[in-house]
Every structure is written in structure tokens, then in C-alpha cells.
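The values are calculated or read from the model by the stated rules, or taken from the named source; none is laboratory data. In this text the structure is predicted, and so the values were computed from the model without any measurement. Please note: Cβ atoms are built from the backbone with ideal geometry, for glycine as well, and neighbour counts cover all protein chains shown. Keep in mind that these areas ignore ligands, DNA and RNA; they rest on the heavy atoms of the full protein, side chains included. Shrake-Rupley method; radii C 1.70, N 1.55, O 1.52, S 1.80 Å.
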2 protein chains.
Amino acid sequence: MAANTPRSYCPINLSLEIFGDTWTLLVLRDMMFSGKRHFRELLQSDERISTNILADRLARLVAHGLLTKADDPTHKQKAIYSLTEPAIALLPVIVQIGAWSSRWVPDARKLDAASRKFLRELQEAGPRAWARRMDELRALHLGQGA
Amino acid sequence: MAANTPRSYCPINLSLEIFGDTWTLLVLRDMMFSGKRHFRELLQSDERISTNILADRLARLVAHGLLTKADDPTHKQKAIYSLTEPAIALLPVIVQIGAWSSRWVPDARKLDAASRKFLRELQEAGPRAWARRMDELRALHLGQGA
DNA sequence: CTTCAGTGCTTGCGTTTCGCAACCAGTTGG
DNA sequence: CCAACTGGTTGCGAAACGCAAGCACTGAAG
């Protein structure tokens, strides 16, 4: 189910075959910026992803090496998902995608004030702030959680 | 057919509702880096987009204000598509998406040498080179072609 | 010891989208 | 007048989506 031959070896295309859909980047967004790591947490996004889609995307992300899945020691049925280095490396892309729509998509003005402020600070702080967040994620996800 | 209410006002989500699919960014890639501006040219990509999908994506991009469509003076049946400023503003995102996969996706090593070289130079040249390319696109697409 | 909420999913099923091929009306150069 | 080219449409089978329900299991509370 994972390794179909790619339509082309263009880097843009290879990326899109991994996260070029509606939901994958939203899952990563929630893991990066909302600290979600469990299935039930990831279900709670504003966009109302359904359980089968979420299960599929998590499986794909694991298959592509962007996530790892491990047992949560506190509960035998809990699974805990961790970002890998390739996934963390996507943070700048995700931030810039957000920056683009907040600049160019009219609906973005309807975002709540708190989120707008958070986003504005993240942008003004620039790549240094992204790198800091990436280091935090490495500590959280690569340190021991995996 | 265009203005459904968004699933959420999160900037990431708003972006993905515009170009969060397999084909849209590939169309923009071809317009930005291969100079394609006609329907039949855009059909010739390595990924083999089909005519109905291409027609649909072009219409959506026009509806979202990322492209404009005009008559080609040299041929009464030719349509010429032009990038708008919001589309040109997506260039850094597209470049970084390409950079990510060439760093993290194993298949990217199978890209032909010429393309790899082009990509490497574009990355090493950094944001300055992106800005230069964006200026070129503005001249080509906003200057008179629209 | 029994309930009951919480865990990560899976399954069915109707709707939408995709992907392929064929086709089409109009245009232009030879 | 014809052949090639223009930007698409249309039909149809296959795949993906989106929703709701269900499921086997766990752990804490009563």
C-alpha cells in the first residue's frame, strides 16, 4: 500500500505524493503546534476529520517515515505518535503556507484574534523562531517519546 | 461552485482548500519554472494530467484569483494563462517543498542530473534568487501578458 | 465484581472525485 | 479543402471521501 512508483521524480511531485492532500498537513500542524500525539486528540481539530481518514493518514505518515508509533506506557491501549526529523523539517513549509494565506486569502481575516497574534509573532520572529520550535519538537519527539 | 464556507479559518487550512490537492501546485510549478501558459503546454507534464482535471484546476485557480485567463492575440482559439501576484507569492513555498523532498525523500535521487543541478543552484542561491525569479515572473505575467 | 467512560481503530454505504478515453466545434497553415 | 491544432466536454468504471455505527479492549470508580 505504500510504495507505488511515483508519477515522476520531480521533487515537487514527490512531496505532493506524500502530503499533497487535504488532511496530512493538518495532522502535522496539530502535532507541531497543538502538541497532539494521540488519536483521540487529533480527532478534535476544527476541521472535523473522520476516524477512518485519520487512521489512514497516520498509517501513511508512518509508512513514509514522517511519524513513528509507540505504546503509551500509561495506558496499554494508547498509541503515541512522534514526529521524525523529516517531519520536523517540514515546519518551515507549514509556517510559510500559513503566512501565505494570512496575506492573500480574504477569509483569513476571520481568524480569531489570539491565533492571528500568535501567527504574526511567529512570522515576525522569523526563521530563528522556527528553528527554536523545531528544537523543542526534537526534544519532545526524538528525545524519549519515540 | 467556488465559495463554499471553509472548514475552518486556520490559515493552513485555508491554503489547503485552495491548493491542497495533487495537481494544483504542479500546474503552478510548470507555469513558474517551465514558462507554460497554454492548455496544451500544461498537458505535457511528466505526471500526465488529464484534460478534464487540468480544465477544472485552471478554472479553480482563476476563481481563487491565482490566475487570469486572456485571449492569445496570435490565435483566436488560444487562451493564455497568467500568474497573479498571490500565485507568484507562492514561489518560495513551492521551492521549499522541492527542497524538502530532495533532502528527505529517497526517490529524489533518481532525478536526472540536469534538474538536480538546477535545483541545487536555486537553493544555494537562496531567497535572493527566488526574488529575482519572482520579479521575472511579474514582468512576464503582470506586465502585459494579462 | 460490575459498570462505564475512554482507547484506537474497522466496517458499511452512499456520494463525490479521479482517471482514462473518446469526442467536439472552431481555427489556421499548407 | 484538408490535416493538424486549439481548449476544452462528456461518459463511465474505479477509487477515495465522509458519515455513522460498531468493536475489542483497558482502567478507574462504585
Pairs with Cβ under 6 Å, 6+ apart, first in region A:69-80 and among the small types (Gly, Ala, Ser), second more than 6 Å from DNA strand C (Cβ to nearest atom): A:ALA70/A:ILE80; A:ALA79/A:LYS69
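Pick out, from region A:46-128, the helices (runs of 4 or more DSSP H) lying fully within it that include 2 or more residues that are within 16 Å of DNA strand D (Cβ to nearest atom) and out of contact with any Ser or Thr (no Cβ under 9 Å at 6 or more places or on another chain).
In region A:46-128, the matching helices (runs of 4 or more DSSP H) lie at A:51-63.
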Residues (away from DNA strand D (no atom under 13 Å from the Cβ) and more than 13 Å from B:ARG48 (Cβ to Cβ)) located in region B:19-35: B:PHE19, B:THR24, B:LEU25, B:LEU28, B:ARG29, B:MET32, B:PHE33, B:SER34, B:GLY35
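Per-residue answers, yes or no, for (1) surrounded by fewer than 21 Cβ atoms within 10 Å (Cβ to Cβ); (2) within 10 Å of chain B (Cβ to nearest Cβ); (3) more than 16 Å from the chain's Cα centre (by Cα):
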{"residue": "A:PRO6", "(1), (2), (3)": "yes, yes, yes"}
{"residue": "A:ILE12", "(1), (2), (3)": "no, yes, yes"}
{"residue": "A:GLU17", "(1), (2), (3)": "yes, yes, no"}
{"residue": "A:VAL27", "(1), (2), (3)": "no, no, no"}
{"residue": "A:PHE33", "(1), (2), (3)": "yes, yes, no"}
{"residue": "A:LYS36", "(1), (2), (3)": "yes, no, no"}
{"residue": "A:PHE39", "(1), (2), (3)": "yes, no, no"}
Tally of residues being near DNA strand C (Cβ under 10 Å from one of its atoms), more than 13 Å from chain B (Cβ to nearest Cβ) and open to solvent by 20 Å² or more (accessible area, probe 1.4 Å) across region A:45-71: 8
